[in-house]
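Asker: Below: one structure in structure tokens.
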Amino acid sequence: MTDTTSNKMWGGRFAAGPDAIMEAINASISFDKRMAAQDIEGSRAHAAMLAATGIITDSDAEAIREGLLTILSEIEGGTFEFSAALEDIHMNVEARLKELIGAPAGRLHTGRSRNDQVATDFKLWTRDQFDAFDAGLVALIHALLAQAEAGADWVMPGFTHLQTAQPVTWGHHMLAYVEMFGRDLSRVRDARKRMNESPLGAAALAGTSFPIDRDMTAQALGFDRPCANSLDAVSDRDFALDFLSCASICAMHLSRFAEELVIWSSAQFRFVALSDRFSTGSSIMPQKKNPDAAELIRAKIGRIFGANTALMMVMKGLPLTYSKDMQEDKEQVFDAADNLMLALAAMEGMVRDMTGQRDNLAAAAGSGFSTATDLADWLVRVLGLPFRDAHHVTGTLVGMAEKAGCDLPDLTLEQMQSVHGGITHGVFDVLGVENSVNSRMSYGGTAPAQVRVQIERWKDILA
Ligand code: ARG
């Protein structure tokens, strides 16, 4: 229903209330009520500062403080009545404060505007999400390290082009994801540090003539310092974009891993058994166990990329400073954060519960001529062949094995010598997959000993 009276928070110069459609497009309370706790926290810090600087009296500040605490408990208890006519969380809280404490409520907005208020609230909310993101990544990395430790020396095929390339170890593959999520963690920590400046006190855009103490509110709200430019403070949403960018890159990593788990858990691969807790059955095919959690992680990622793109589009055409367009920032970040946290938790659960199928991994590791490079390297190292010639000789032997329907180690020494007379029995030492992975001792290589070095390094980093 359209309210025919003008808005009681800003309607002084308005003769009539907004059209119903205007109210529908303008109101943000349906979603920004998620920032209620941050709004109240910001207001409490502001009121305390106004009193400390003598801008309002201590008794007014005390009335405001008590009123805000009452409102917080009403909101937490679900008894607070949100009103679309009051547009947003800021005006809903302030209007209720007026009902509760009367005149002093009107002094809370001294030296402040909704522009610095919303920037502050949203930053506080997003900062909590950075912290949850950090914790989610750390938990996931620990789950991956546990897998890496259990299977540091399990052999499996490594792929390029999804074609069997060279044998690697399960631990090494898990550690590749540790590196990826580790970079995500460093991005999150970097962004968290950068965003931690307080917009409060920038007021509408130009600062204020009241003798406010911005350091005091910054400190009370856990910010490192106040934003140094009031125009930037109210028009900046980089922190939200930083969150969405970090979320997007992490989401891309989650999606790649999810895709591997879908492939690995298929009947054709059988590299991994996902736990019942993170799988579902089919209503018609009794034999099926579907990797739904992995599929949903893979799919949810699209919403996160979408949010990042959407907010970039919102911001890209805006002149300084605040424009109402910026109200469209929140739903994107809320949705992306919800889905990211869910995807991280689901991935962590799946990784903790999954069982690498050691025998199947080992069988697959030896197939597809996966030790051909080891053979070529042996020809270089032992017979002194130039690598290109060794590559050619090995290729001929692979062709021979393929025609015979066997694997490289199954060729006889005579067959090998028919291609290159210098080959000796020693070649068989490098053809086994275990030998192959153990020999890859270069830093960051797949040898179990190197994998264990990296596991220890990550444990130190996270300690
Ligand atoms: N609901 C608004 C938002 O989310 C609050 C700021 C409104 N400021 C204004 N000048 N109209 O952006």
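Each value in this text was obtained by applying a stated rule to the coordinates, not by laboratory testing. This one's a predicted model, so the numbers in the text were calculated from it and none came from an experiment. Because the Cβ atoms are built from the backbone with ideal geometry, glycine has one as well, and the counts that use them run over all protein chains shown.
Asker: Distance in nm between label sites at residue 30 and residue 462, each 7 Å beyond Cα in the beta-carbon direction?
Answerer: In this crude spin-label approximation the distance works out to 4.1 nm.
Asker: Given a Förster distance of 25 Å, report the FRET efficiency between residue 406 and residue 434 from their Cβ-Cβ distance, rounded to the nearest 0.05. Working shown, then result.
Answerer: Working: r = 19 Å, r/R0 = 0.76.
That gives a FRET efficiency of 0.85.
Asker: If I stretch the segment between residue 320 and residue 245 completely, what's the gain in nm (0.36 nm per residue apart, minus their alpha carbon distance), one decimal? Show your work: numbers first, answer last.
Answerer: Working: separation 75, 0.36 × 75 = 27.00 nm, distance 2.24 nm.
Gain on stretching residue 320 to residue 245: 24.8 nm.
Asker: Could you please report the charge total around residue 182, scoring K, R as +1 and D, E as -1 over all other residues with beta-carbon less than 13 angstrom from its beta-carbon?
Answerer: Numbers: positive: 183, 187, 189, 457, 459; negative: 134, 179, 184, 190, 460.
Within the 13 Å Cβ shell, the charges total 0.
Asker: Quick check for you: which residues of the range 243-271 have the amide N under 17 Å from the point 7 Å beyond the Cα of residue 296 toward its beta carbon?
Answerer: 254-255, 258-259, 261-262
Asker: Output ³J(HN,Hα) for the range 152-167: one whole-Hz value per residue in order, computed from phi by the Karplus curve 6.51 cos²θ - 1.76 cosθ + 1.60 with θ = phi - 60°, and x for Gly and Pro.
Answerer: Those phi angles translate into 4, 10, 6, 8, 8, x, x, 10, 10, 6, 6, 10, 4, 10, 9, x Hz.
Asker: Still on this structure: For a Förster distance of 45 Å, can you work out the FRET efficiency between the beta-carbons of residue 37 and residue 358, rounded to the nearest 0.05?
Answerer: On the way: r = 48 Å, r/R0 = 1.07.
Computed FRET efficiency for residue 37 and residue 358: 0.40.
Asker: Label-point separation (nm) for residue 263 and residue 209, each offset 7 Å from Cα along Cα-to-Cβ?
Answerer: Modelled inter-label distance: 6.8 nm.
Asker: Right, here's the next one. Run the simple label-point estimate for residue 131 and residue 453 please: 7 Å along Cα→C-beta, distance reported in nm.
Answerer: About 3.8 nm, to one decimal.
Asker: Next up: Quick one: net charge of residue 267's neighbours, Cβ under 11 Å, K/R +1, D/E -1?
Answerer: Working: positive: 270, 288, 289; negative: none.
Surrounding charge for residue 267 is +3.
Asker: Between helix 372-383 and the chain, what is the angle of the helix's C-alpha long axis to the longest principal axis, kept within 0 to 90° and rounded to the nearest 10?
Answerer: Computed tilt is about 60 degrees.
Asker: Quick check: the angle from helix 448-462's long axis to the longest principal axis of the chain, C-alpha only, nearest 10 degrees?
Answerer: 10
Asker: Per 0.36 nm of contour for each residue apart, how much would the distance between residue 53 and residue 270 grow if the chain were fully extended, relative to their Cα-Cα spacing?
Answerer: Values: separation 217, 0.36 × 217 = 78.12 nm, distance 6.83 nm.
Full-extension gain reported as 71.3 nm.
Asker: Using θ = phi - 60° and the Karplus form 6.51 cos²θ - 1.76 cosθ + 1.60, what ³J(HN,Hα) does each residue of the range 401-413 get, whole Hz, x for Gly and Pro?
Answerer: Going residue by residue, I get 5, 4, 5, 7, x, 10, 9, 4, x, 7, 5, 7, 4 Hz, with x marking Gly and Pro.
Asker: Okay, next question. What is the extension gain from residue 62 to residue 392, computed as 0.36 nm multiplied by their sequence separation minus the C-alpha to C-alpha distance, in nm to one decimal? It would help to have the intermediate numbers written out before the result.
Answerer: Details: separation 330, 0.36 × 330 = 118.80 nm, distance 8.50 nm.
Taking residue 62 through residue 392 to full extension adds about 110.3 nm, to one decimal.
Asker: What are the ³J(HN,Hα) values, in whole Hz, obtained from phi via the Karplus relation 6.51 cos²θ - 1.76 cosθ + 1.60 with θ = phi - 60°, for each residue of the range 278-285 in sequence order, with x given for Gly and Pro?
Answerer: 10, 9, 9, x, 9, 6, 10, 9
Asker: Shifting gears a bit: Give the calculated FRET efficiency between residue 280 and residue 228 to the nearest 0.05, with a Förster radius of 51 Å applied to their Cβ-Cβ distance. Please report the intermediate quantities before stating the final value.
Answerer: Values: r = 52 Å, r/R0 = 1.03.
That gives a FRET efficiency of 0.45.
Asker: Sticking with this structure for a sec: Distance cut-off 23 Å, Cα to Cα: go down the list 33/324; 33/98; 193/330; 300/330; 289/459; 33/123 and report the pairs above it. Please report the intermediate quantities before stating the final value.
Answerer: On the way: 33/324 17 Å; 33/98 18 Å; 193/330 21 Å; 300/330 18 Å; 289/459 34 Å; 33/123 15 Å.
Cα-Cα > 23 Å for 289/459; rest within.
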